[in-house]
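Down below is the structure, laid out as structure tokens.
The values are calculated or read from the model by the stated rules, or taken from the named source; none is laboratory data. Keep in mind that this is a model prediction, so the values were computed, not measured. FYI the Cβ positions are ideal-geometry reconstructions off the backbone, even for glycines, and counts take in every protein chain you see.
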Amino acid sequence: MIDLTVRLRVNWTSQGRPDDDQLSQYRGTASFRLGTGYIYGIKEPECGHPCPCSECDGNITKRHWAFKVKTAHHVVYDTEEAKKTKVDLFYDEATSRKGCKMASVRGVEVAWSDSDMDFCEMLCVTHDELLGKQIMSAWRCLDDSKVNPLYALDLTLMPSFGGDVVSALIVSHPHGQPKKITVGKLRYQDKCKDGSVIEYDAPTCPGSSGAPVFMFDPELEEKRCLWVYASVHSGGFANITPEAKRQENFFRKFIQRVKGRNTKPKPKLDQLNYGNDRFGIWRNYFYPTKIDV
Ligand SMILES: [Zn+2]
Ligand SMILES: [Zn+2]
């Protein structure tokens, strides 16, 4: 699950963003921002099929692997932005960039998005044999957790909150830095029209938006272990960083829209973060997501 988390470097702000978008002032410009995403599903390599990447432009060329990256809609808005997005895999340590460990691919298109739930699926393609195989094996490893469950609560990195507290574990690239894992408690979850919203206090930073949020419930056998489906981190309130102020209005609006609940930052907490799940994901073992701007 860690290898499937990717850093996103977005180099463009789409003309298609609406007036009330937090980035509307940058529309049509090469503004830069960072985010996190999560590879969800890769197909067996295809040859003899048209390749959608920008170099092949729909022509039939050598083998390609197509895979989807889930992230927050506010990070990658549409295909215009996806094409200018670099997806960095295996950026695990500061040294990964110099060695050959980190690999980058470009986004191809936004295959699906939901602005109300702040959720997006971007299609990516690689022709790199080694990279294709690495992603394939990381995906199989996670997919295998359906058959051979990994009991995350037994891992030493998980703090024991005790009782029936549900833990939230987030893998992200805060400020575009190498991968970090943060852990906290699930505080609240609520079903809404199109899915569900989750609230947790696992720390995140700008750049964490779009990261996978995994939840573990000690009381339910099937939720004690790692599942293929993660939520997407959408953002949150914090009272410790100046960036937080900037995020606040956007998220209050977002949360009100999806929850119909008037949410105030809670001064006693370091952070209060939100993720969403387009399909009622957590409950149904779909992907929960967490987003930071
Ligand atoms: Zn291609
Ligand atoms: Zn930070």
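Only one of the listed residues (Arg7, Arg17) is more than 16 Å from ligand 1 (Cβ to nearest atom), crowded, with 21+ Cβ neighbours inside 10 Å and under 23 Å from His173 (Cα atoms). That residue is Arg7.
Whenever a residue of the stretch 52-64 is more than 14 Å from Val105 (Cα to Cα) and of a type in the set (Val, Ile, Thr), its partners that are in a loop (DSSP other than H, G, I, E, B) and within 8 Å of ligand 1 (Cβ to nearest atom), lying with C-beta atoms within less than 6 angstrom and at least six residues away or across chains, give the pairs Thr61/Cys51. Selection of the stretch 197-238 for residues being at pLDDT below 70 and either assigned to a strand (DSSP E or B) or within 27 Å of Gln22 (Cβ to Cβ) (or both) yields Gly236, Phe237, Ala238.
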